[in-house]
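Down below is the structure, laid out as structure tokens.
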Amino acid sequence: MKNIFENAWLKPERKKEDEQDLTQKETGEEISSKEIPDTDNEKAIEIAKKTKDYEIIIEQLKHKDLWENQLIRVHEKFNSRINKEDFPTKEALVWEMLTVLYLYDEETANHCVETYRLLKERVKNVMTDNLFLAKIMEKEDHEMEDIYFAAITHDIGKICLPEFLINNTLKKNDWNDLLLGMIRNGELDDITKKKLGVEDFDNYTDTQIIEILEAKNLRAKDFVPVEKGISSDEKKQLETLGFSGKEPFMEIMNEHEKYSGTIHAQKGLSSTEKLVGQHHHNGNGNDTVLPSPKHLDTSNDISTILHLADFEQALKSKRSYKGPFSDLKILQKLIEEAEGKYPGQTTPYLWIKGKRDAFLKEGPRDLKSLSDEEVRSLQIIEDYLDKNNAINLKTFE
């Protein structure tokens, strides 16, 4: 079945007066998402959540005559937040991927759209002020469309994972308790002990162990086997996908990067395959948990920008396992991420400085009204900016 949006988006030479409403079928009959039967939406969602294969999801939706209406529904949802001029050659693919992702998990689709919007805003308002972005784009040979497209589709690979992982409700303290239980029961292996920097935990209190995690910018779910946080039925589902359940929760979750890259490759998107395939920058040798993907390169500034946008947007959003972070807390977390993965690099410095500047522009603040924690966050932010202020931009000349 023909993609009903293809002609509307991929023919820029068409005169404006000849354009038709994008929510019209080829017959000209207008249709609104409100007219789509709930049962059809439910069927489409079920296909997306159960299938775990991008092309097969679309094939099944088309076979059951559900695809066109779902495109309409997702277009109505996100059209006002996406500038089609940002995607001169990939508009149809944007809506195709967003539709599949939205049917799988609405929250993840919304996160991708907001990551694109955040990246675009920061790139325009911050990076271009000092011509740094232009330099690295010239160096790395990326078009802006590639960057925006990678941002808005970076989590498409999550459709290959079970939904119960994506929407796992265990909170930080729950994972901490599971890790502490493993430690007290002698279940940690030597590799995990080495990563934590402790061989014998007998002389450490639970509070001290958690402080070690915090100091190293590590999370308990980087180490706890996923089977400890899911049901037996959910473990069986994982086993059908080739996982044993013994893998740490985040090791499985981070597989979505590889899946995102694979989907982009299947669509012939070589210019964005690696960007989405490494957007978390895990495992660069700086005390991170996972082994480095062979193609990982944290000197790639475009992928760093994508990672920072993804990271910041996730922090500011409410999730099933956490609430939204404050601006000061987000800045502090961004600094921890930058110092752990990108020490001394220009791109994260400019990103953090831009967010700090935007925070200050919101208006004067009475320091006396800030909590002790907020005052500490402010000091951490200023110390980081002072330390990195002399970064030499001539590297990219």
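Read-outs throughout are calculated quantities, based only on the coordinates presented, and are distinct from any laboratory measurement. As the structure is a computational prediction, the values presented were derived from the model and not from experiment. Don't worry about glycine lacking a Cβ; one is built from the backbone with ideal geometry, like all the others, and counts go over all protein chains shown.
Each Lys and Arg contributes +1 and each Asp and Glu -1, all at the Cβ; summed about the Cα centre of segment 40-114, the dipole is approximately 80 debye. The listed peptides 192-203, 147-158, 225-236, ordered by packing as a protection proxy, come out as 147-158, 225-236, 192-203 (highest mean of other Cβ atoms within 10 Å first). Summarised in one figure, the compactness ratio Rg/Rh of segment 45-120, Cα atoms and Kirkwood Rh, is 0.97. Which entries of Lys193/Lys258; Lys52/Lys84; Lys246/Lys355; Lys124/Lys194 have Cα-Cα distances beyond 32 Å here? The pairs that break the limit, which is 32 Å between Cα atoms, are Lys246/Lys355; Lys124/Lys194. In sequence order, segment 147-154 has phi-based couplings of 5, 5, 5, 4, 5, 7, 10, 5 Hz under the Karplus curve 6.51 cos²θ - 1.76 cosθ + 1.60, θ = phi - 60°, and Gly or Pro positions carry x. Subtracting the Cα-Cα distance of Glu214 and Lys43 from their residue separation scaled by 0.36 nm leaves 57.2 nm.
Pairs with C-alpha atoms separated by more than 25 Å, drawn from the list Lys34/Lys322; Lys120/Lys171; Lys49/Lys171; Lys158/Lys195, are Lys34/Lys322; Lys120/Lys171; Lys158/Lys195. Using 1/(1 + (r/R0)^6) with R0 = 22 angstrom and r between the beta carbons of Phe164 and Gln266, what's the FRET efficiency to the nearest 0.05? According to the calculation, E is roughly 0.30.
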